[in-house]
Amino acid sequence: MALKRTIGPSLILYFSRSFPRCFSMQRLHRYRVTLGIGGNIGDVARRFHRLLTFLQRDRRVSLLQTAPILKNPPFGFSSQEDFLNSVLEVSTSMSPQQFLRYILHVEQKFGRRRTFANAPRTLDIDMIFFDTRVIRSPHLTLPHPHWQERDSVLIPLSFLRRCR
């Protein structure tokens, strides 16, 4: 990663050629979706770059922008490595439920195994916002619960801007 900035006792921001970045909007779909991404197993920064490439090649989504990567301590289960987290904004024409299935598939493709709550992971993708939708169902809650309490979301989110 190119540039590193310490912003707190256990918080470090990393800036690279792809984090943060605005992408050309060649294909603009119907909905804007804000995603939180994270991981703490293996080379997570490289995996994030591979994720961007994967998303750019998928016609069902358009990558709009990324935020810097934040290194932060885990919460919940604290006996694990620090996490890298960032926020992406994409557009899609999939419904929220279709998009949830899509990101669960992408997590699995990138090696995600669900063992227990807050476990170490290769890649975690959370829908933070799906346009302005509010959904409360057994499988999907939007906006994402507790997003406003997590540095791993708030700090990268503060770097997003409307790309033109």
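Any read-out appearing in this document is the output of simple, stated calculations on the displayed coordinates, not a laboratory observation. All figures in this text were calculated on a predicted structure; none of them were measured in a lab. Cβ atoms come from the backbone with ideal geometry, glycine included; neighbour counts cover every protein chain shown.
Highest mean first, what order results for 32-38, 84-90 on Cβ atoms within 10 Å?
On the way: 32-38: 22.7, 84-90: 25.4.
Ranked from most to least packed, the peptides come out as 84-90, 32-38.
How much space per residue, in cubic angstrom, does the convex hull of the C-alpha atoms of the range 3-157 take up?
Working: hull volume 17.3 nm³, N = 155.
For the range 3-157, the hull spanned by Cα atoms encloses 112 Å³ per residue.
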